[in-house]
């Protein structure tokens, strides 16, 4: 068998040459999500790349791409030290994608993860590897940790995020039967009372104008609740303007609004990719909040997606209670870290473990001091998950 050809891209000017073969490999991998498409990765690098250095590892056999590590090197301050950290492209800014991974031809994860890590070990200019938002169910995870151990990187794994999702049945009526009686009845009542219409962005409209409407709704909701909202950041808005236009060209973009009296009072922005809807961002007019426009729109979007044959509604990161009125399952993502084998590596790895314990204690304390859910809601949620 011919030995694989390994290339490491450290020059940003070489990144555009990957268009085409990257998505072909992604489709042959078990890691195929919208956040690993070349359109998403290159848009991130165009907007945020000036502050980082690419470290993209490619493995080819007979000219065909069979494995890739979409990584960057970014300077961080940890424990009072300046650390050059290897991370997935896409992390470290407000964009916040989920389900990042090494991209490896399905069935060859164990073999090719070793090749990728071997190449990274030989690369100069980094001190620590920190791969966040890695799916806990990824077939890459165990080979990755084994390869890190072999490379003396002392891997340390911890839970990163919880991502609720809803498996969509064939009809809206079937889904309604899976909802609790009270929630189903109240949702129907809110729809009737609001009397609003679902309006989609379509190819004849400006993507930027539709996204601007969504951003206004999102900012209004966030600022009224005392939070800033990410669309106030010029780079965040620039990223989504570019990516939304590219997603529209690919047929992935899903922008929907709730209209009443001729104006949008709520909006949802996401992507339909490989049968899954990724619910990325939303917003509503705070002056219409008493009529629950956000909840009404969410139900109408779910009903619409069922009609389009979409198989899953992925709420993405965050176990907020309103998601579990609908979601019937959740996935965890992980963070896998390791220090390069140097004199400082072992003590710094120990500090990582102590910091992780501190985070767990703070989360548990926050959970203990948070106002409890009503007992009836807890019973209903437990019953739904027990039968899922």
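The values are calculated or read from the model by the stated rules, or taken from the named source; none is laboratory data. Please read all numbers here as calculations on a predicted model, not as lab measurements. Cβ sites come from the backbone with ideal geometry, for glycine too, and all protein chains shown count toward neighbours.
Out of (1) surrounded by fewer than 21 Cβ atoms within 10 Å (Cβ to Cβ); (2) out of contact with any strand residue (DSSP E or B) (no Cβ under 6 Å at 6 or more places or on another chain), the odd one out for residue 243 is which? In the conditions (1) surrounded by fewer than 21 Cβ atoms within 10 Å (Cβ to Cβ); (2) out of contact with any strand residue (DSSP E or B) (no Cβ under 6 Å at 6 or more places or on another chain), residue 243 misses (1) alone.
Candidates 347, 319: the one that is over 18 Å from residue 213 (Cα atoms) and free of Cβ contacts under 8 Å to residues at least 24 places away in the same chain is 347. Return yes when residue 221 is within 20 Å of residue 46 (Cα to Cα) and in a helix (DSSP H, G or I) and no when it is not. Criteria not met by residue 221. Evaluate the range 16-25: report whether one residue or more is over 28 Å from residue 312 (Cα atoms), crowded, with 20+ Cβ neighbours inside 10 Å and under 21 Å from the mean Cα position of the chain (by Cα). Within the range 16-25, not a single residue is over 28 Å from residue 312 (Cα atoms), crowded, with 20+ Cβ neighbours inside 10 Å and under 21 Å from the mean Cα position of the chain (by Cα).
Give the range 133-154 a look and list any residue that's in contact with a strand residue (DSSP E or B) (Cβ under 7 Å, 6 or more places away or on another chain) and surrounded by fewer than 20 Cβ atoms within 10 Å (Cβ to Cβ), or say none. Correct list: 136, 137, 145, 154. Only residues that are modelled with pLDDT of 95 or more and in contact with a helix residue (DSSP H, G or I) (Cβ under 6 Å, 6 or more places away or on another chain) were counted across the range 284-312, and they come to 4.
The strands (runs of 3 or more DSSP E) found entirely in the range 16-114 that carry 3 or more residues being under 30 Å from residue 351 (Cα atoms) are 71-78, 81-88. Do the conditions hold for residue 334, that is, is it over 11 Å from residue 156 (Cβ atoms) and buried (at least 17 other Cβ atoms within 10 Å of the Cβ)? Against the criterion (over 11 Å from residue 156 (Cβ atoms) and buried (at least 17 other Cβ atoms within 10 Å of the Cβ)), residue 334 does not qualify. If you check residue 203 against the conditions, is it touching a strand residue (DSSP E or B) at 6+ places or on another chain (Cβ under 6 Å) and either within 22 Å of residue 259 (Cα to Cα) or free of Cβ contacts under 8 Å to residues at least 40 places away in the same chain (or both)? Judged against the criteria, residue 203 is not a match. If the condition is being surrounded by 13 or more Cβ atoms within 10 Å (Cβ to Cβ) and under 25 Å from the mean Cα position of the chain (by Cα), then the range 60-82 contributes 65, 66, 67, 68, 69, 70, 71, 72, 73, 74, 76, 78.
For the range 181-205, the set of residues classified as surrounded by 11 or more Cβ atoms within 10 Å (Cβ to Cβ), part of a loop (DSSP other than H, G, I, E, B) and under 28 Å from the mean Cα position of the chain (by Cα) consists of 201, 205, listed by residue number.
A single entry from 251, 270, 275, 262 fulfils the requirement of being free of Cβ contacts under 8 Å to residues at least 40 places away in the same chain and either surrounded by 22 or more Cβ atoms within 10 Å (Cβ to Cβ) or in the same structural domain as residue 36 (by TED's automatic domain parsing) (or both): 270.
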